[in-house]
Structure formats: structure tokens, C-alpha cells
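The next block holds one structure in the form of C-alpha cells; read it before the comments.
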Amino acid sequence: MNSEDTAALARLLRGARLAHLGTLRQGAPLVSMTLVLAAPGFDAFHVHVSRLAWHTQDMAADPRVALSIAETDDGREDPFTLARVSIRGEAAQLGEDAALKRAWLARFPAQAVNFELADFAFWRIAPRDARFVAGYGRIHNLSAAELAAASRA
């Protein structure tokens, strides 16, 4: 991947606040929108979700998940030129993490109320691989190590 596309991927992941989370629900795919926070080294992506949500129940039953993150549609003539990445990985529930909570609230201050609810917890999604589309015809298949390397851009 060239340096321009690597930088575009790093910008996309650092700037992302929304992702679509794909899980397996009773053997069929389910995709839902969630908030996301990338770890600085892109070796993890965090979500803070309620155990009442289907996607959380799904992750508990089968940790194989996917995240889809895309540039915001800006009304351009060809939306297929928007940068986007799909990340496949494994989800695991985390215990209390004060540093992660501070980072989360710095990014999503309106979500403070969810920390008062007993059914919310952080989940870590550890990437297995990714497919980055930097624009039309600029498609890159990345290992977890290559994804992490993009964090240095």
C-alpha cells in the first residue's frame, strides 16, 4: 500500500466515531450501528454496549465479528469513491478500564449516562484482517500486522 493510501486509512480510523458491527445471530448475519474507538496502534477497536442489545448477545455467543467504517457521504457524484474499511476480528468483553473510560468520554461525552447503567460494558475487537478501499480501484487486503503498521502514518 502506498503512503497516500496508508495515511488515508489512518485518518479514517482515527476520525471514526461510528461503525457498523456485524455479528452472527442464530446463524445469520446481523449488522447494527455502534460507536467505536480505535486503539492508538489499531490493534484493537472498542465498543461500549448494553448486554440487552442483540449484537452484544451475539458477541457473547460467537466472538467472530466484523466492523465496517466509511467516510461520510459528502454528496459526491460517485459515492463508490468514498474510503471504507471492513475489519474482521474477535470480540471479547473487558473488565473495568479507567484509561479506556476516560478516552471514551473524551470522544463521546454525551455517553456518560451509560456508565451509570449496570448492563453496559466495553468490548475489545482484535483485528484478524481488513479490506481497505481507498477509492475506485484502490483496494488493499491487510493482515492485522499491516493494519497496525498503518497507525504509524
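General observations
- Qualifying GluC sites (Glu not before Pro) in segment 82-153, where qualification requires a DSSP coil assignment and no more than 16 other C-beta atoms within 10 Å, comprise Glu96.
- For the chain: relative contact order, % (alpha-carbon pairs under 8 angstrom, 6 or more apart): 28
- Cα gyration tensor, the chain - rounded (a/c under 1.5), prolate or oblate: prolate
- Here the chain is assigned +1 on the Cβ of each Lys and Arg and -1 on the Cβ of each Asp and Glu. Its dipole about the Cα centre then comes out at about 160 debye.
- Ascending count of other beta-carbon atoms within 10 Å, so fewest first, for Met33, Met59, Met1: Met33, Met1, Met59
Laboratory data are not the source of any read-out in this text; all were calculated from the coordinates shown. These figures come from a predicted structure and were not determined experimentally. FYI the Cβ positions are ideal-geometry reconstructions off the backbone, even for glycines, and counts take in every protein chain you see.
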